[in-house]
Amino acid sequence: MSNEQPYIVWTEELKTDFPTIDIQHKKIIDIANNLHSSLGSDNLQELIKTHLSQLKIYSAVHFRFEEKILQNHNYFLLNEHECLHDAFVGELIKLEERFSELENKFPRILTYKEIESFSWEILNFVSKWWLHHILVEDKKYLDFLQKIADTYDSGN
Ligand SMILES: [Fe+2]
């Protein structure tokens, strides 16, 4: 297992101009990768809940941090960006609710296949969402901040 590539691979193109934001993005990717490494574990059912909760809490911390920076720079798409952040947390809450419904719905124990396929649903969603968010949505504010810096540098 330890020789395997992580599920979400960090690449240079995911880098922003903010080292703290990069550390936070990496931490979120690590949580998803840890869930991926948990596939096959006996206690996957419990681990799904732990990882969903970690993703929710840690993403919220990161989002507030990023939004503060954007607010300080009067980012013109701040509201739109905040909505994207809130929607991600909302989707995680929906996944948590659906998983708990699944656990309580049947008068029987969930099969491993069901638990595993739910894990894959989380992993697919989280990886797609974050890669798109960093490469497309966060890129928009990076371009904006770069433009401000260029204007400042040229003395305008
Ligand atoms: Fe963001």
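The values are calculated or read from the model by the stated rules, or taken from the named source; none is laboratory data. Note that the structure is predicted; figures quoted are calculated from it, not measured. Don't worry about glycine lacking a Cβ; one is built from the backbone with ideal geometry, like all the others, and counts go over all protein chains shown.
Remarks
- Test: residue 53 is in contact with a helix residue (DSSP H, G or I) (Cβ under 9 Å, 6 or more places away or on another chain), among the small types (Gly, Ala, Ser) and at negative phi: yes
- Among the residues of the range 118-151, those identified as among the aromatic types (Phe, Trp, Tyr) and more than 13 Å from the ligand (Cβ to nearest atom) are 118, 120, 125.
- Between 54, 5, the distinction of being at pLDDT below 95 and within 20 Å of residue 128 (Cα to Cα) belongs to 5 only.
- Pairs where the first residue, in the range 132-154, is under 14 Å from residue 70 (Cβ atoms) and the second is of a type in the set (S, T, N, Q) and surrounded by 12 or more Cβ atoms within 10 Å (Cβ to Cβ), C-beta under 9 Å, 6+ apart: 138/16; 139/16; 141/16; 142/16
- Residue match in the range 51-66 (condition: within 14 Å of residue 122 (Cα to Cα) and in contact with a Ser or Thr (Cβ under 7 Å, 6 or more places away or on another chain)): no
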